[in-house]
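The values are calculated or read from the model by the stated rules, or taken from the named source; none is laboratory data. On a predicted model such as this, the values are computed, not experimentally measured, just so you know. All Cβ positions, even for glycine, are placed from backbone atoms using ideal geometry, and neighbour counts span all protein chains on display. The protein model used for the area step is the full one, side chains on, heavy atoms only, and it has no ligands, DNA or RNA in it. Shrake-Rupley method; radii C 1.70, N 1.55, O 1.52, S 1.80 Å.
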Amino acid sequence: NPPCGTGALDGGMERAANFKKVLDVFFGGSPPQVGSGAGSSGSGSSGSSPSGSGSSGGSASSDKWYPDYNPQFSQGKCINEAPLPSGRPSYDTGADCCGKAYSGQASNVCLSSLPQSPPAQGGTFPDAPSGISPFPPAPRPTRQPVSPTSDAGMIVSSQTFIDMERTLEDAKVEIDSKLFLYQTPGYQWIESVVYRYDDFMDSLYVMATEGVAGKTFYIGERAVDNGHVYGLVNIAAFLAQSMKETIQYDACDENSWDLVGGKYPLSNACGQLGQSYQDYHCSPEEQHMECDVDPQMSITGVTHAKWYGAPGPMFCGPKTNDQPHSGFWDHNYECNKGWANPPESCDDYEGQKAGRYDQSSAYANTAGRTDVEGCCWWGRGVIQTSGVCNFGKLNYYLGARAEQDGRPSKYPQVDFCKDPEVICSSPAHKELKWIAGEFYWMESVQSYNEGGWDYTSELIKFVDEGMTGTGFIDAVSGIVNRGCHNPPCGTGAVDGGWERAQNFKKVLDVFFGGSPPQVGQSPVSLASSGSTGGSSSLERWYPDYNPQFSQGKCINEAPLPSGRQSYDTGVECCESAYSGQASGVCDSSLILLSKVQSHWRPSGTHTILDVSPGASFADAFASSMSTHARQQSSFISYKCNTDSDISSDSLLVDILFDYEVSVAQTEQARHLLPDLKKHILNDLAHTLGCEVSTERYLRESIEDGVLLGFHSAEGSDVIDGEKGSCNKSTEEDSNACVPVIGHLAAFLKRDVSTDAIIATKNIVLANIKDGM
């Protein structure tokens with residue numbers, strides 16, 4: 001009856017499933033009837049209920065409570081279903097059972113699952129509806145009353161707030177069960193333990209009514225019928241970003257994910273991808289708000305990634321004589337070695353299956369840092385608040401600093417500068433992980449007004465125009481992930497733009513069920529495009545700002561998006577907005593568009609494209625080495641015409657393909673893809689005669705010498721987040737199937753026929769498929 005001594009049962013669900021499989025093999029689903037044994041209970045009836053409840057069906061209640069011993073300790077709860085399992089400890093009350101069997105359970109699932117006290121005057125609770133969340137919500141705490149004439153009181157009593165809160169309360173079960181989900185190492189999506197609806201609502205109440213520094217979380221327009229819809233769309237945009245940033249990982253602390261030389265530097269706590277969080281200072285006007293960096297501060301995070309061999313939580317601490325440097329996390333190390341002498345175990349964090357800290361030598365992060373002194377400012381909360389400025393502002397407006405200065409403080413006992421980890425670790429203020437993100441949202445998103453793009457105006461416009469398209473949420477994703485509404489800007493293209501847009505749609509569907517209420521006349525005048533339907537062409541070209549930079553292209557569809565840079569020609573647009581795009585998608589799309597719009601001219605027996613020169617081999621190779629070196633560490637090129645080198649002005653044709661990988665549960669697909677890509681490219685090169693070989697299959701199929709070569713990067717293939725699952729109907733017990741999008745760029749002679757281009761592309765794809 002675990003947990004006993006060493007903890008909860010490891011893999012209990014799998015063991016039970018194995019047991020069922022064995023019985024099915026033995027008995028084929030129909031075990032033979034067993035006669036009465038010497039130990040028969042003598043109940044007198046083969047149909048009697050073993051509990052003696054007098055009912056042959058359903059489940060009866062017992063007077064005693066016992067733990068269900070869920071194999072996931074965080075999901076365990078206490079029940080009182082009859083019969084009482086033999087040998088299991090039992091308790092007089094559910095609360096006593098939770099207190100003893102699930103003491104220390106951070107998720108609070110056990111206590112939350114206990115039935116509420118019955119309502120007064122003999123009322124009873126109806127049966128729970130099917131599909132109810134496995135995390136029944138705890139009773140909502142009674143809020144501190146506010147004066148109806150105060151600013152907060154006027155907001156709470158407004159119809160806008162009431163309608164917004166009613167919509168959220170009606171959707172709370174679906175919010176927890178459909179939106180606040182994280183992906184397990186086994187690629188299953190289950191409800192988050194860290195992020196719950198009740199905590200979110202507590203935070204929203206604070207930030208929508210009291211706010212910070214005169215700013216509040218936008219909940220809609222009071223002077224408009226159904227004006228709360230604007231506020232719900234603001235919430236939807238916030239949750240869409242949160243689902244991508246942290247909820248999908250069930251993490252409050254920033255995960256260590258910047259892989260350097262196949263290892264995870266411990267100094268990732270100082271900053272990832274070349275950043276330095278302790279150097280993120282406030283502007284001169286706000287510099288008095290930021291936190292001081294204390295080199296003696298020692299903090300360890302409370303959450304981390306959960307995959308097999310995942311790095312442990314980030315930590316910071318001073319350099320010492322014994323430990324003057326920081327090392328790395330070795331995710332390939334097998335730590336479960338009970339047979340070794342001396343035995344080894346995985347004890348760096350709960351649930352660890354592999355990996356270890358290696359402090360034997362200094363190991364630098366991307367920025368070259370080899371220690372973690374003063375590096376306590378990594379991202380925390382639902383949108384990963386990071387840096388001494390942001391934590392300082394929280395403290396200045398909401399925490400101990402406000403109290404010390406004699407200003408009103410919501411959390412006077414919380415010092416975000418001395419303990420930034422309080423955002424994730426506080427059991428008393430679980431809403432802080434949300435408040436930190438909402439504070440950022442009010443500061444950086446709601447107030448965004450750059451380059452002719454104003455957040456609130458664009459939100460209202462999006463609602464008034466029927467909530468269609470992804471232009472609004474794509475711009476918001478750019479602000480959150482890259483600091484501008486029209487990336488790529490400075491730091492590059494948006495990470496996970498497609499997922500953020502899909503999250504936004506999911507939230508809107510949960511809020512409105514596909515039919516948002518009609519909103520009255522908005523306070524923002526909308527610019528008319530002069531057309532009520534269809535799409536027309538402009539004389540101006542503008543970038544589509546695809547969240548994947550390599551897939552971005554330029555278009556001329558009306559209307560021209562507000563605040564977006566435009567150009568006289570598509571070529572000029574591609575050269576300016578997608579300069580350095582190794583894939584050549586932007587230039588290639590102009591060729592395709594020319595074909596669609598019939599901008600062709602005959603030339604002899606072939607059709608030649610009448611377009612400006614597109615991406616070349618020289619441009620693509622040089623830009624790939626500079627732009628993608630950080631993510632794609634090894635660039636591979638193949639020459640398929642041994643008679644001559646690849647011409648610098650050869651035509652680049654981007655080729656995308658999808659495939660599926662069977663991955664052991666002990667592996668991470670993204671770690672396997674680079675080596676797998678090498679095999680795919682080598683097989684393709686051999687088949688197409690792009691190396692020393694007597695067989696040249698391609699030249700038997702199309703014009704001689706059309707394919708000059710191809711190239712790709714080891715790390716250019718990505719897991720297909722849009723597809724989400726494989727075509728395989730079943731998967732092996734020990735493996736998971738992962739869908740992948742592959743990429744390579746083929747170099748062809750510049751002035752070849754379109755038939756030859758299409759034939760070459762099809763043959764490349766066919767050979768990749770055959771090679772699989």
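At-a-glance table
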| item | result |
| --- | --- |
| Residue within the range 92-100 that is at pLDDT below 75 and under 30 Å from residue 350 (Cα atoms) present | no |
| Residue check for residue 268: open to solvent by 10 Å² or more (accessible area, probe 1.4 Å) and either modelled with pLDDT of 95 or more or more than 24 Å from residue 500 (Cα to Cα) (or both) | no |
| Leading residue by the ranking (surrounded by the fewest Cβ atoms within 10 Å (Cβ to Cβ)) among those in the range 362-393 that are farther than 19 Å from residue 435 by Cβ and out of contact with any strand residue (DSSP E or B) (no Cβ under 9 Å at 6 or more places or on another chain) | 368 |
| Scope the range 64-91; condition modelled with pLDDT of 85 or more and open to solvent by 70 Å² or more (accessible area, probe 1.4 Å); matching residues | 81 |
| Those residues of the range 221-250 which are closer than 12 Å to residue 437 by Cβ, hydroxyl-bearing (Ser, Thr, Tyr) and not in a loop (DSSP other than H, G, I, E, B), in sequence order | 242 |
| Residue list for the range 172-196, filter: within 13 Å of the chain's Cα centre (by Cα), without any contact (Cβ under 8 Å) to a residue 60 or more places away in the chain and open to solvent by 60 Å² or more (accessible area, probe 1.4 Å) | 189 |
| Matching residues in the range 394-415 - criterion: being open to solvent by less than 20 Å² (accessible area, probe 1.4 Å) and either among the aliphatic types (A, V, I, L, M) or not in a loop (DSSP other than H, G, I, E, B) (or both) | 394, 395, 398, 400, 402, 414 |
| Positions within the range 745-759 being over 37 Å from the mean Cα position of the chain (by Cα) and part of a helix (DSSP H, G or I), in sequence order | 754, 755, 756, 757, 759 |
| Helices (runs of 4 or more DSSP H) within the range 420-491 that include 2 or more residues not hydrophobic (A, V, I, L, M, F, W, C) | 432-440, 455-464, 471-482 |
| The range 5-27 residues that are of a type in the set (D, E, K, R), paired with ones that are open to solvent by less than 90 Å² (accessible area, probe 1.4 Å) (beta carbon under 9 Å, 6 or more apart) | 10/71; 14/71; 15/9; 15/71 |
| Qualifying residues in the range 279-334 (those that are among the aliphatic types (A, V, I, L, M) and part of a loop (DSSP other than H, G, I, E, B)) - the one farthest from residue 419 (Cα to Cα) | 310 |
| Number of positions in the range 715-752 that are modelled with pLDDT of 80 or more and of a type in the set (Ser, Thr, Tyr) | 0 |
| Residue tally, condition touching a Leu at 6+ places or on another chain (Cβ under 9 Å) and open to solvent by 50 Å² or more (accessible area, probe 1.4 Å), over the range 426-440 | 0 |
| Scope the range 492-508; condition in a helix (DSSP H, G or I) and open to solvent by 40 Å² or more (accessible area, probe 1.4 Å); matching residues | 498, 499, 502, 505, 506 |
| Any chance residue 277 is out of contact with any helix residue (DSSP H, G or I) (no Cβ under 7 Å at 6 or more places or on another chain) and of a type in the set (Ser, Thr, Tyr) | no |
| Near pairs, Cβ below 6 angstrom, 6+ apart or cross-chain, from the range 248-262 (more than 19 Å from residue 365 (Cβ to Cβ)) to any residue that is surrounded by fewer than 19 Cβ atoms within 10 Å (Cβ to Cβ) | 248/183 |
| Set 309, 351, 374: member being on the phi > 0 side of the Ramachandran plot, in contact (Cβ under 8 Å) with a residue 12 or more places away in the chain and touching a Pro at 6+ places or on another chain (Cβ under 6 Å) | 374 |
| Of the criteria (1) under 27 Å from residue 667 (Cα atoms); (2) out of contact with any strand residue (DSSP E or B) (no Cβ under 8 Å at 6 or more places or on another chain), which one residue 250 fails | (2) |
| Checklist (1) touching a Cys at 6+ places or on another chain (Cβ under 7 Å); (2) within 18 Å of residue 251 (Cα to Cα) applied to residue 388, failing item | (2) |
| Matching residues in the range 513-569 - criterion: being surrounded by fewer than 10 Cβ atoms within 10 Å (Cβ to Cβ), small (Gly, Ala, Ser) and at pLDDT 70 or above | 514, 515 |
